[in-house]
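Please read the structure below before turning to the comments.
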Amino acid sequence: MTTEAPSVRRCAVLGSPIAHSLSPALHLAAYKHLGLDWRYGRHEVDEAGLPDFLRGLDSSWRGLSLTMPLKQAAIASVDDVSDTARLVDAVNTVLLEPDGRRHGDNTDVQGMVDGLRERGVGRVPAAAVLGGGATARSALAAVAQVADAATVYVRTPARAEHLLSIAAKLGLTCTARPWEDRRDGLAAPVVMVTTPVGATDDLADAVPDPPGTLLDVGYGSGPTALTKSWAAAGGAVVGGLDVLVHQAGLQVLLMTGGAVPITVLRDAGERALAARTAAGG
C-alpha cells in the first residue's frame, strides 16, 4: 500500500465518490497546527473493496475517515466499535492500533451536538428530524442530547420503525410522521435536515416566525433555499461545514491525541470551498 518509511504516520478518507471530500484539507491543516509531519490522503473505495484495502495497510497507518457508502459496511471489518457507532449502525472513524486491531467509532453524532452548542442551543423541549436514512440515525442520537422529545418525518414505514427503535434505546420520546407533514416540523425549536441537497427547497416559504435553530448536513453547494430563508428570518443555522469541522476535530483528537481549535479547521474548510468554487468545481 505504501513505500514510505514506517516512521511516517498516515491517515486517509475513504469512500465512493470521494473527490469532493474536504477531509484532506481539514486534517492536513490540523497536522500543521500540531506540528506533525503526518500524511492524509483520499482513496476511492467502495463496500466491496474495503476489506482488501484494510488488509493492505502497514504499521504506518493510524486512522481512517469514512464517508458513504462505507459507514455501515465498516462495522464488519473492525474488531470492536464504540457504543455510539453500534447504536446508529454507522462507523465514520477507524482507529488503527499498533497491535493491528481496528476500532470503529462515530464522531458524526457529537459533531452535530457541538455544532448546535456553538449556536447557543442548550436544552429544548422538542426537535424535528427530516429524513430517515443513515444520517438521520446519527441526527436522532444527537437530538437525544439536546431535546426532550423528537418527531421524525420519513417517506417509508420501515425507516420510521428503525428510527423509533433507536429512540427507544436512547430513552428519547419519539413520534414518526409521514414526509407529507414535514412542514409542521419546521415549528420545532431545533430542526435537523438530513436529506440530500435540494430535497427541502420546497420548504423555503414555510419558515416559522420566529424560527428556531436549523441544522442542515449538506455542504459544498452553497446555502440551500431553506437555509437562506431561515437565516433571512433571523433563525440560527448550523451548516454542513460546521458539522464537518466539529466531527473532524474529534477525529484528529482520536487519531493523534492532539486538540485543534475549531477555527483552524473551519478556516481550512472555507478556503478549500472557495478554491473549488473559483475553479468551477
Sort out which residues of the range 64-98 are touching a Ser or Thr at 6+ places or on another chain (Cβ under 9 Å), among the aliphatic types (A, V, I, L, M) and open to solvent by 60 Å² or more (accessible area, probe 1.4 Å), and write them in order of number.
MET68
Condition broken by THR195, with the remaining ones in (1) touching a Leu at 6+ places or on another chain (Cβ under 7 Å); (2) modelled with pLDDT of 95 or more; (3) not small (Gly, Ala, Ser) satisfied
(2)
Just to verify a result, which residue in the range 108-132, among those that are surrounded by 17 or more Cβ atoms within 10 Å (Cβ to Cβ) and of a type in the set (Gly, Ala, Ser), is nearest to ASN92 (Cα to Cα)?
GLY111
Which of the residues spanning the range 38-63 are touching a strand residue (DSSP E or B) at 6+ places or on another chain (Cβ under 8 Å), more than 17 Å from ALA25 (Cβ to Cβ) and open to solvent by less than 80 Å² (accessible area, probe 1.4 Å)?
VAL45, LEU50, PHE53, LEU54, LEU57, SER60, TRP61, ARG62
Scanning the range 253-281 for residues that are free of Cβ contacts under 8 Å to residues at least 60 places away in the same chain and β-branched (Val, Ile, Thr), the one nearest to CYS11 (Cα to Cα) turns out to be THR263
Count, please, the residues in the range 201-257 that happen to be among the aliphatic types (A, V, I, L, M), in contact with a helix residue (DSSP H, G or I) (Cβ under 6 Å, 6 or more places away or on another chain), open to solvent by 20 Å² or more (accessible area, probe 1.4 Å) and not in a helix (DSSP H, G or I).
3
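A quick yes/no check of all residues on (1) among the hydrophobic types (A, V, I, L, M, F, W, C); (2) farther than 16 Å from ALA134 by Cβ; (3) in contact (Cβ under 8 Å) with a residue 40 or more places away in the chain:
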{"position": "VAL45", "(1), (2), (3)": "yes, yes, no"}
{"position": "LEU54", "(1), (2), (3)": "yes, yes, yes"}
{"position": "SER60", "(1), (2), (3)": "no, yes, yes"}
{"position": "LEU66", "(1), (2), (3)": "yes, no, yes"}
{"position": "LYS71", "(1), (2), (3)": "no, no, yes"}
{"position": "ILE75", "(1), (2), (3)": "yes, no, no"}
Would you mind stating whether ARG137 is free of Cβ contacts under 8 Å to residues at least 12 places away in the same chain, open to solvent by 10 Å² or more (accessible area, probe 1.4 Å) and assigned to a helix (DSSP H, G or I)?
no
Unique residue being over 24 Å from LEU66 (Cα atoms), in a strand (DSSP E or B) and open to solvent by 40 Å² or more (accessible area, probe 1.4 Å) when the list is THR175, THR151:
THR175
Polar (S, T, N, Q), out of contact with any Phe, Trp or Tyr (no Cβ under 6 Å at 6 or more places or on another chain) and not in a helix (DSSP H, G or I): does that describe THR195?
yes
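The values are calculated or read from the model by the stated rules, or taken from the named source; none is laboratory data. These figures come from a predicted structure and were not determined experimentally. Positions of Cβ are generated from backbone atoms using ideal geometry, with glycine treated the same way; all protein chains shown enter the neighbour counts. Heavy atoms of the whole protein, side chains included, go into the accessibility calculation; ligands, DNA and RNA do not. Shrake-Rupley method; radii C 1.70, N 1.55, O 1.52, S 1.80 Å.
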